[in-house]
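Q: Mind having a look at this structure? Questions to follow.
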Amino acid sequence: MTPAKKRPRAYDHLRTRTAVLAQYAHVRDAVRSLTPDQLARPTRLGDWTVHDLVAHIAQGLGSVSRDLALPEPPGPKPATTLLEWPPAVAAFVRDPEAPAPAAARPDLLALYEQVEAAFLADVPATGTGDRLLPTLVGSMRLTDYLVTRTVELIVHTDDLNEALDAEIPYDRQALAACTRLLADTLADRAPGGSVEVRVPPFAVVQCIGGPKHTRGTPPNVVETSPLTWIRLATGRTEWARALEEAKVSASGERADLAALLPLRA
């Protein structure tokens, strides 16, 4: 029997909007001090330079205003839910041979200011965020789409930190939303109750079919930190390497996520 799927996690519109702006501000502040040599550095994203990545981050947030400017798709239900959002499980698992973007290089500081001003003007700080957006992957609720922006921002902030050997901060609420969405995606892709995956302090999910645990300490437990989990889920690090470096603890004969990571559509 296929395990019943749980009700999707709900996200608060104002908290998510605030988290997106906070993480974007962390990146913007870092961009202001980057030198030409730093902008030319390679990243772990194929042929992308730091300049390419920084521009991509701003353009990713700019998609919110671009989509809001389009006519609202017919309701009442969105065609794409958070757990069906393809970029959360596919686009971030980049091909190491992927070419750099061919678009002209923008003025980064001007781009960041324009995107932020548009976001503040276009995304309401009140309401439920139920307005539908016609995104590239189907219609989505505004609040749900903002959750996907936390994934974009957190994952690519980590990419920047790795490329620059920097310490750009991670907003706690943005990190929490990103962690939870990727953990929930794992549970959706591998439904079941035989393995408990813990990513304290933000997420606990059960996954993988088999004997369901009901009381006491689960027999199969995986535990790791938020950033390690995000790197595993998006292909920035491998399961075996994380185990070898003691960044993941896994107990029980079923507690092996190697075949499920990185997450894919």
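Q: Rank Thr18, Thr126, Thr237 by mean-square fluctuation in a GNM of the chain with C-alpha springs under 10 angstrom and give only the top-ranked residue.
A: Judging by the Gaussian network model, the answer is Thr126.
Q: What angle do you read, to the nearest 10 degrees and between 0 and 90, between the alpha-carbon axis of helix 142-164 and the longest principal axis of the chain?
A: Once rounded, the angle reads 80 degrees.
Q: Let a ≥ b ≥ c be the square roots of the eigenvalues of the Cα gyration tensor of the range 174-265; is it rounded (a/c under 1.5), or, if not, prolate (a/b larger than b/c) or oblate?
A: Working: a/c = 1.44, a/b = 1.28, b/c = 1.12.
Rounded.
Q: Cβ under 14 Å from Pro200's Cβ, Pro200 left aside: what net charge do those residues give with Lys, Arg +1 and Asp, Glu -1? Walk me through the intermediate numbers first.
A: Working: positive: Arg172, Arg180, Arg198, Lys247; negative: Glu196, Glu223.
Here the charged neighbours net out to +2.
Q: Calculate what fraction, in whole %, of the accessible area of the chain sits on carbon and sulfur atoms when a 1.4 Å probe is rolled over the protein chains.
A: Working: 6880 of 12960 Å².
Solvent-exposed carbon and sulfur of the chain make up 53 percent of the total.
Q: P(r) of the range 112-252 in 5 Å steps, Cα pairs, percent per bin?
A: 2, 9, 15, 18, 19, 13, 11, 7, 4, 1, 0
Q: Follow-up. What length, rounded to one decimal in nm, is gained on full extension from Ser251 through to Arg66, with 0.36 nm per residue of separation minus their alpha-carbon distance?
A: Extra length from Ser251 to Arg66 when fully extended: 62.0 nm.
Q: Taking K and R as +1 and D and E as -1, what net charge do the other residues with C-beta under 12 Å from the C-beta of Gly62 add up to? Working shown, then result.
A: Details: positive: Arg66, Arg149; negative: Asp67, Glu113, Glu116, Asp122, Glu152.
Within the 12 Å Cβ shell, the charges total -3.
Q: 222 nm [θ] for the chain, helices only, -39500 (n - 2.57) per DSSP H run of 4+, per residue, to 500? The partial results should precede the final answer.
A: Numbers: 9 runs with 116 residues, N = 265.
Rounded to the nearest 500, it is -14000 deg cm²/dmol.
Q: Using alpha carbons only, how many degrees (0 to 90, rounded to 10) separate the axis of helix 108-122 from the longest principal axis of the chain?
A: Helix 108-122 sits roughly 70 degrees off the main axis of the chain.
Q: How much area per residue is accessible in the chain when the probe is 1.4 Å and only protein heavy atoms are counted (Å²)?
A: 49 Å²
Q: Rank-order 111-122, 23-34 by packing density, defined as the average count of other C-beta atoms within 10 Å over each peptide's residues, highest first.
A: Numbers: 111-122: 16.2, 23-34: 17.9.
Answer by packing, highest mean first, reads 23-34, 111-122.
Q: What residue among Pro169, Pro36, Pro78 has the largest mean-square fluctuation in a Gaussian network model of the chain, using Cα springs under 10 Å?
A: The residue that fluctuates most here is Pro36.
Q: Calculate, axis by axis, the spread of Cα positions in the range 131-191 along the three principal axes, and write the results as whole Å, longest axis first.
A: Over the range 131-191, Cα extents along the principal axes are 37, 29, 20 Å.
Q: Once both axes come from the Cα atoms, what is the angle between helix 50-68 and the longest principal axis of the chain, in degrees from 0 to 90, rounded to 10?
A: Orientation of helix 50-68: about 90 degrees from the principal axis.
Q: Now a separate question. At 1.4 Å probe size, what's the solvent-accessible area of His13? Round to the nearest 10 Å².
A: Accessible surface of His13 is approximately 10 Å².
Q: So, one more: Give me the net charge of Leu153's neighbourhood, meaning all other residues with Cβ under 14 Å from the Cβ of Leu153; Lys, Arg count +1, Asp, Glu -1. It would help to have the intermediate numbers written out before the result.
A: Working: positive: Arg17, Arg28, Arg149, Arg172; negative: Asp29, Glu116, Glu152, Asp158, Asp159, Asp171.
Residues near Leu153 contribute -2 overall.
Q: While we're looking at this one, here's another question. Roughly what % antiparallel, to the nearest 5, for the DSSP beta bridges in the chain?
A: Details: 14 of 17 bridges.
The antiparallel proportion sits near 80 percent.
Q: To continue, here is another question. Along each of the three principal axes of the Cα atoms of the chain, give the extent in whole Å, ordering the values from largest to smallest.
A: Here the spans come out as 55, 46, 29 Å, largest first.
The values are calculated or read from the model by the stated rules, or taken from the named source; none is laboratory data. For clarity, every value in this text was computed on a predicted model and none was experimentally measured. Ideal geometry is used to build each Cβ from the backbone, glycine not excepted, and the neighbour counts take in all protein chains shown. Surface areas here come from the heavy atoms of the whole protein model, side chains and all, with no ligands, DNA or RNA. Shrake-Rupley method; radii C 1.70, N 1.55, O 1.52, S 1.80 Å.
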